[in-house]
Amino acid sequence: NMEIIHPRPFEVIRDVPGLGRHVPIVVRLERGLSVPHGAHLEVAVRSGGYSDIWLYDVPPTPHKSVHKHAFCPTRSDASECRAKAQRPAADRHPTQQVVIDDSIILKQGFHELTFRLVTPAGVPLTERQTHILLTPRHTDDEQGGSPPLPSSHLRSLAKHRQWKEAHHRSEEEAALEDKKALIAAQYQPLHEQLRHFDYERDISADLRGALSSGSNEAVMAALQPVEGASDVYYIPEVLTPTFRRLITEELSHAYQQQSGQLNFTRPNTMNNYGFVLEELGMREWLDGLMTSVVRPLASAAFPDWGGSSLDSHHAFTIAYSAKEDIHLDKHMDLSEVTLNICLGDETFTGGKVYFKGQRDHPHEKDEKARQPSVAHLPGGALLHVGQHWHGAHPLESGRRQNLVFWARSSKFRSSPAETFLVAFRDAHNGHSDHDGFGALDEGMRPGEGDGGQKGSKDEL
Ligand SMILES: O=C(O)CCC(=O)C(=O)O
Ligand SMILES: [Fe+2]
């Protein structure tokens, strides 16, 4: 009962400098659909990490007068909108076709659009979903570098990718799960009680207080925005001193076992020192941290990055010292949201965490952008989007140990926009079998950059 037509499918109609692309979209309502007075059309656009909703007033007599009639964006200038609505009677035609052409501004890329016709009382009458891919029309001589892939190619890549995810990923994950379980079964912990998450023992009273209210405002009040770094928060204390003492003792114990026959997995592809916490028997503890702390924080701070649907994790410790890793190169995490907690069993200097641009960020997505570095104090934590370029400056003295929690959302990952972006990146990199989650900026090509190692961490 609602049909969505792209007048010139998959093509950029008009560029709005600095903002993105301006695309007319035609919506045709089925004949006989009875639209109550005061109904409105809701258009939700989802793309990568961002989403937006536009509301359009539906004209009072949609059955008679909506041929090429611009729906009025409720946010825009009403007089201009009314002027558009006044069409001579001769021009009216009962096709119920609506052109939305004046406020949907889309970025280049893959978008999911949901159209809902809603009654004045908020009851949805009908709903349709569609996908739109915007590719630039210009070719390499205008932009430099390789020309964009044809959209048909990209769409089939995205489909292929979706299929592959469904059939392949689960096997890899199962193998990884098996290995973690095998090592966990052999590992003899020092502190048995660390297997179980104990909210009072492990989480600082201040943070528990903020979380217990259940309101987003109270949760956000516990997060200190890092000035100058978009979407990065510092939390002065997440883990209690008691828990930090227990875990650092456990980690020393695990290091002793490492020289023995236990073949621990390294924390990720970039850090060489530390442990995958599930291998130390802490699966249940990690699930507790996810449910009670990470998901509530992320749903308040990063709803656009799947914060409220986080459903799996990869959690590990890392260690920096003269004998271990010294610094960490610029990277993005294999996560939607990362909570990085400093354990700090020894004093240290140096080793600040720095940030650069964030994928899809409207203002600051440049991977070379300079954002402030953060001195991570023992007990303190950084909460950030996984797809935000970051790294750690060299440690100058002492030893620094952190507990890093990469939280993922399968819902977010399997969304059309994400699936497309991964396929797009693979296509540009000339391979398709890497499951990492690198930068997907249109300007990024392999070999570019500031000389530092770049890429994505990938524990597989
Ligand atoms: O050294 C740090 O605190 C950064 C760690 C990090 O970015 C990671 O492990 O993903
Ligand atoms: Fe990281």
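The values are calculated or read from the model by the stated rules, or taken from the named source; none is laboratory data. None of the values given here were measured: they were computed from a predicted structure. Cβ: placed from backbone, ideal geometry, glycine included. Neighbour counts: every protein chain shown. Protein only, heavy atoms only, side chains kept; ligands, DNA and RNA dropped before computing areas. Shrake-Rupley method; radii C 1.70, N 1.55, O 1.52, S 1.80 Å.
Look at segment 348-382 and say how many of its residues are more than 16 Å from residue 394 (Cβ to Cβ) and more than 14 Å from ligand 2 (Cβ to nearest atom).
Counting residues in segment 348-382 that are more than 16 Å from residue 394 (Cβ to Cβ) and more than 14 Å from ligand 2 (Cβ to nearest atom) gives 17.
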Item to complete: Restrict the check to segment 239-259 and report whether at least one residue is free of Cβ contacts under 8 Å to residues at least 12 places away in the same chain, open to solvent by 20 Å² or more (accessible area, probe 1.4 Å) and in a loop (DSSP other than H, G, I, E, B).
Response: yes
Worksheet, complete the sentence: Considering residues that are outside any loop (DSSP other than H, G, I, E, B) and more than 11 Å from ligand 1 (Cβ to nearest atom), the number found within segment 388-404 is 3
Response to the item:
Subset of segment 169-191, residues open to solvent by 60 Å² or more (accessible area, probe 1.4 Å) and closer than 20 Å to residue 241 by Cβ, comes to 190
Discussion item. Of everything in segment 108-146, what is at pLDDT 75 or above and open to solvent by 50 Å² or more (accessible area, probe 1.4 Å)? Give them in sequence order.
Written reply: 116, 120, 121, 123, 124, 125, 127, 128, 129
